[in-house]
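For reference, the structure discussed in these notes is given below.
The values are calculated or read from the model by the stated rules, or taken from the named source; none is laboratory data. The structure presented is a predicted model; accordingly, all values stated were derived computationally and were not measured. Cβ coordinates were reconstructed from backbone atoms using ideal geometry, including for glycine residues, and neighbour counts include every protein chain displayed.
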Amino acid sequence: MSGPTPTTTVSGRTFLLAGGAFAVGTSAYIVAGVLPQLSSGLGVSVSAAGQLATAFALAYAIGAPLVATATGHWNRRTLLVVALLTAAAGNVLTAVAPTYWLVLLGRVVAALGAAAYTPAATLVATHFHPPHQRGRAVAIVFAGLTLALALGVPAGTILGGPLGYRGVFILVAGASVLAALGTRLMIPSVEAPAAVPLRERLAVAANPRLQAILVVTVLGVLSSMSVYTYVVPLLGEYTHATGALVSALLLVYGLGGLIGNLLGGRATDRFGSRPTLYVALAVIVLVLATLPLTLTTIPGAVIALFGWSLSTWGFNPPFQHLLLDTAGEQGGLALALNASAIYLGSGLSGVIGGLVIASIGITTLPLVGAALTVVTSVVFVVTDRRLTRSERTMANTLAG
């Protein structure tokens with residue numbers, strides 16, 4: 001009987017998981033693209049409409065570890081399908097709800113679906129690959145999230161006019177349903193890890209090594225997203241770009257992130273997670289520190305945005321790889337905690353960026369972001385040394 005080779009089948013499954021990540025990621029990012037329609041349709045201010053994105057982020061941050069614990073005994077394929085259908089239900093509620101508070105509830109439901117899906121999809125993707133390709137598998141899944149970031153806001157801006165925000169969220173719900181159907185048909189059954197008591201699961205969060213890694217996650221996301229959250233006014237300030245040109249520059253950022261994810265995964269498999277992380281952090285500091293110079297011209301902005309996203313999103317695969325190595329058998333819950341840390345950093349970034357703008361001006365924001373990345377790097381160096389010492393001590397103990 002002829003059929004796809006095992007490699008082709010594995011790649012197809014991994015890209016399908018990335019498609020689901022794209023669907024749930026778009027649900028998060030597309031709000032910014034339809035803010036005017038949400039504001040006018042619900043009769044609230046733009047600021048109040050923007051809090052719908054904050055609600056999603058907070059629900060994700062709080063929900064990820066709780067959902068991972070509650071569904072720890074579920075078959076992984078079943079969990080992925082239910083998570084995607086939950087995200088779809090949340091987006092349908094967002095689309096049809098007549099009041100602001102019901103729309104807010106819809107965002108929370110969608111966030112819980114996303115919080116259940118992304119860590120599980122990452123873990124399942126690594127299950128399909130040998131250890132030396134695990135970084136690449138993580139990169140492919142995160143490429144779906146990167147693509148959502150690249151296309152979510154522009155797509156919302158383009159489609160929000162003719163379809164309205166309700167039509168946009170129905171489309172996002174449809175994408176989640178299609179991903180759920182594909183997962184049910186194409187992803188094989190993957191049994192849940194061995195049952196672990198709730199106390200032991202929660203003890204993972206008390207692991208000092210894991211806590212240090214999660215601090216790096218929050219700081220890393222905060223350093224970049226505090227700048228990216230306000231990238232549109234930054235571009236207007238430096239390049240005077242507006243309209244279609246801004247959308248084109250944001251697509252450049254998204255393209256860099258997509259390539260960065262893939263390169264980060266390959267570099268992790270070839271050189272290891274630690275060297276890849278050190279290089280990514282160094283490039284991020286360099287790019288952010290020079291943004292006040294590079295953003296003064298359109299060609300400079302293209303290069304800067306591409307390099308910035310290349311290094312920022314290239315950071316994810318090796319970091320997830322390091323996290324899995326550190327967590328061991330508790331990798332699923334560790335990924336959920338890390339996802340919470342990502343969204344916590346993202347939620348804080350808007351606040352920190354806004355305070356910087358209000359106090360010392362938007363032109364200083366890239367330098368603040370660079371300084372935060374330096375702090376992130378220092379924390380990571382200290383954390384890495386502790387992890388290395390711990391690994392050596394464990395190896396010596398086993399050898400003895």
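Close contacts from segment 84-100, counting a first residue that is more than 13 Å from PHE56 (Cβ to Cβ) and a second that is of a type in the set (Phe, Trp, Tyr), with Cβ to Cβ under 8 Å and a gap of 6+ residues or different chains, come to LEU84/TYR117; VAL92/PHE169; ALA95/TYR165; ALA95/PHE169. For ALA244, the requirement of being assigned to a helix (DSSP H, G or I), hydrophobic (A, V, I, L, M, F, W, C), surrounded by fewer than 14 Cβ atoms within 10 Å (Cβ to Cβ) and at pLDDT below 80 is met.
Comparison of TRP74, TRP101 shows that the only residue that is more than 30 Å from VAL231 (Cβ to Cβ), of a type in the set (Phe, Trp, Tyr) and assigned to a helix (DSSP H, G or I) is TRP101.
Within the set LEU305, LEU277, LEU293, LEU288, the sole residue that is modelled with pLDDT of 85 or more, of a type outside the set (Gly, Ala, Ser), farther than 25 Å from ASP384 by Cα and buried (at least 24 other Cβ atoms within 10 Å of the Cβ) turns out to be LEU305.
Within the option set LEU163, LEU159, LEU181, being among the hydrophobic types (A, V, I, L, M, F, W, C) and exposed (fewer than 14 other Cβ atoms within 10 Å of the Cβ) holds for one residue only, LEU181. Within segment 335-357, residues that are β-branched (Val, Ile, Thr) have Cβ atoms under 6 Å from residues that are part of a helix (DSSP H, G or I) and surrounded by fewer than 22 Cβ atoms within 10 Å (Cβ to Cβ) in these pairs: VAL356/VAL368, counting only partners at least 6 apart in sequence or on another chain. Within segment 64-90, the set of residues being over 16 Å from ALA121 (Cα atoms) and either of a type in the set (D, E, K, R) or modelled with pLDDT under 95 (or both) comprises LEU66, ALA70. Of all residues in segment 340-388, count the ones that are of a type in the set (Lys, Arg) and surrounded by 21 or more Cβ atoms within 10 Å (Cβ to Cβ). Number of matching residues: 0. It is to be established whether one or more residues within segment 214-224 are modelled with pLDDT of 80 or more and more than 29 Å from THR69 (Cα to Cα). Yes, some residue in segment 214-224 is modelled with pLDDT of 80 or more and more than 29 Å from THR69 (Cα to Cα). The single condition among (1) hydroxyl-bearing (Ser, Thr, Tyr); (2) in contact with a Lys or Arg (Cβ under 7 Å, 6 or more places away or on another chain); (3) more than 23 Å from ALA180 (Cβ to Cβ) that THR94 does not satisfy is (3). Kindly evaluate LEU151 against the criterion of being out of contact with any strand residue (DSSP E or B) (no Cβ under 7 Å at 6 or more places or on another chain), in a helix (DSSP H, G or I) and modelled with pLDDT under 75. Here the answer is yes, as LEU151 does meet what is asked. Within the set ALA121, ALA110, ALA137, the sole residue that is over 18 Å from ALA28 (Cβ atoms), in a helix (DSSP H, G or I) and hydrophobic (A, V, I, L, M, F, W, C) turns out to be ALA137. Residue-level analysis places LEU210 outside the set of residues that are modelled with pLDDT of 80 or more and within 29 Å of TYR29 (Cβ to Cβ). Scanning segment 358-370 for residues that are without any contact (Cβ under 8 Å) to a residue 40 or more places away in the chain and assigned to a helix (DSSP H, G or I) turns up ALA358, SER359, ILE360, THR364.
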